[in-house]
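For reference, the structure is listed below as structure tokens.
The numbers here are math on the coordinates, done by the rules we state, and not lab data. All figures in this text were calculated on a predicted structure; none of them were measured in a lab. Cβ placement follows ideal geometry from the backbone for every residue including glycine, while neighbour counts extend to all protein chains displayed.
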Amino acid sequence: MTTSPVAALFNVSKSFGPVEVLHGVNLALHAGSVHALIGENGAGKSTTMKILAGYQPPTLGAVELNDTPVQFTSLQDGEAAGIVMIHQEFNLAEQLTVEQNIFLGRELKRGPMLDKAEMRRLTREYVSRVACDVSPDALVSGLSNSEKQMVEIAKALSRNARVLIMDEPTAVLTNRETDVLFAQVAALRDAGTAILFTSHKLDEVAKISDQVTIMRDGDVVHAGPTSEMSEDAMATAMVGRDVSDLYPDKPGVPRDAPVVLKVDNLSVPGFASDVSFDLRKGEILGIGGLIGSGRTELMEGLAALRPASSTKVTLFDKAVNFKRPGDAQQAGLCYLTEDRKLRGLLLERGMRENLTLANLHKFGGFVINRKCEENALTDAIAEFDIRSGTRDVQVGNMSGGNQQKLLLAKVMLSEPRVLIIDEPTRGIDIGTKQQIYTFLRGLADAGHAIVVITSEMPELIGLADRVMVMRDGRIAGALDPNEITEDAIVRLSMGLRTDQPPKVV
């Protein structure tokens, strides 16, 4: 006997002005089940989740809880009904403590006074349940991204949700943190919570979910048990084309290819010490290592985004000493940040302003040539396949994949010959990943030199010509093309030699 869903959408459509972004979506969530919602960036997943949680009303169709139609006018209505959403973008007050964030707007009282002792006790309980070792008194602004995500999850746990919506919850988590999260998801499922889970990591979808709904261009194209679909079948349904060849072929870097960047003993105080490496024309150098190994900070130091020192840095046979990011950009080296929302894009502005901001000198002197800017945007939309519905959209309303393509277009407008790109596909669907991989390989084939920092093991193996692994702010080892394996990368990340097996304890 099939039980009624706890929450459901029936024939839900959503329009923003004349543009319809959802077309008759049906979705049913059941108690004690994890339901995955997957699709490309821009497929309609976020809008679907926001309608279910009460952030947005549907244009047509119905939202039902326990077979009863409901009309939410705000997220507070949704939470009052037992629906809690964990956002992909952190919804935390940065200048408040962990405890204050968890109980913000729901403070416990003992008579007329705040019950601080009980809130502290419960905060410790909630963060311990997700294995997060942070103090209730810690300011959120001082936490790492993964710690912030765990605080978001702890905050959701405090609300005793009947329906829990998780939007890309593992995007900034390590493998260990992801395992902790999944154990908590399983416990919530077993306790009867209905869980809606989105992820671009299809191995996670296969591992954690019972049902899967796949969306493409605002339509549901598949719904059914997860066990009946392989990861390849999911990917094909998402993008409408075969993505089995996710990574382009590696032609190989000639041994006599010129060295375009040579770094000697680069140090970034507190993060990296005496790192030396070189980069050849036409090469994609992958940088791996655990989060906290100093990968990002090292490259930010090289690009003058944070203080750094070195014995010598040579770029195109010329000694350089960058004092500010503009010096590096002018010399032909550009860095593309891992944090597109906080450091890469102005979310409240349009695509045109974001695209041209770093290169306004190319679009006029005292007065900016708006027509030239619009032409540049037209070219970027076509070259990078940026899909936004309308070119006047605020960038914050674009999908993550299209934001990333806009950020890449912005950086390429500087015409870099050396490109450093940090976490190029974090929070991006598999179809957009394929596009970015193809673009990066095309750049390398055209003679550009590229450094890719990534936490994605398949990305390191599938994309990089050579891999450098960092550990505790130093180079743990470098792997040539015939040495790049998951085992070798993991061993170097953990401080083990690659030529001997670990001891069995």
* Structure fact -> Relative contact order of segment 7-239 (C-alpha contacts under 8 Å, at least 6 apart) in percent is 29
* To do: Obtain the nm distance between the two label points defined at LEU342 and ASN145 by a simple spin-label model: each point lies 7 Å from its Cα along the Cα-to-C-beta direction.
  => 0.9
* Asked: Cα-Cα over 19 Å: which of LYS250/LYS433; LYS116/LYS155; LYS262/LYS312; LYS262/LYS405; LYS281/LYS318?
  -> LYS262/LYS405
* To do: Take the alpha carbon atoms of segment 435-454, find their center, do the same for segment 108-182, and report the distance between the two centers in whole angstrom.
  => 38
* To do: Could you tell me what fraction of 2.2 N^0.38 Å the Cα radius of gyration of segment 7-239 comes to, as a two-decimal ratio?
  => 1.03
* Structure fact -> If the chain between ASN359 and ARG159 were fully extended at 0.36 nm per residue, the gain over the current Cα-Cα distance would be 67.4 nm
* Give, as ranges by residue number, the residues of segment 407-443 whose backbone N falls under 14 Å from the point 7 Å along Cα→Cβ of ARG241. => 430-439
* Determine which aspartates and glutamates satisfy two conditions relative to LYS371: a Cα distance under 15 Å, and not lying fewer than 8 residues away in the same chain. => GLU353, ASP379, ASP392
* Figure the gain on full extension for GLN330 and ALA62 (residue separation times 0.36 nm, minus the Cα-Cα span) and round it to one decimal in nm. => 91.0 nm
* To do: Treating the angle as unsigned and between 0 and 90°, give the value, to the nearest 10°, between the Cα long axis of helix 116-129 and the longest Cα principal axis of the chain.
  => 60
* the chain: calculated mean residue ellipticity at 222 nm from DSSP helix runs of at least 4, using -39500 (n - 2.57) -> -9000 deg cm²/dmol
* Asked: In degrees, nearest 10, range 0 to 90: what is the angle between the Cα axis of helix 145-157 and the longest Cα principal axis of the chain?
  -> 0
* Asked: What's the long-distance tail for segment 342-415, i.e. % of Cα pairs beyond 14 Å?
  -> 55
* May I ask for the angle, rounded to the nearest 10°, between helix 400-412 and the longest principal axis of the chain, with both axes built from Cα atoms and the value confined to 0 to 90°? => 20
* Peptide ranges 105-117, 150-162 listed from the most packed, as the mean C-beta count within 10 angstrom indicates -> 150-162, 105-117
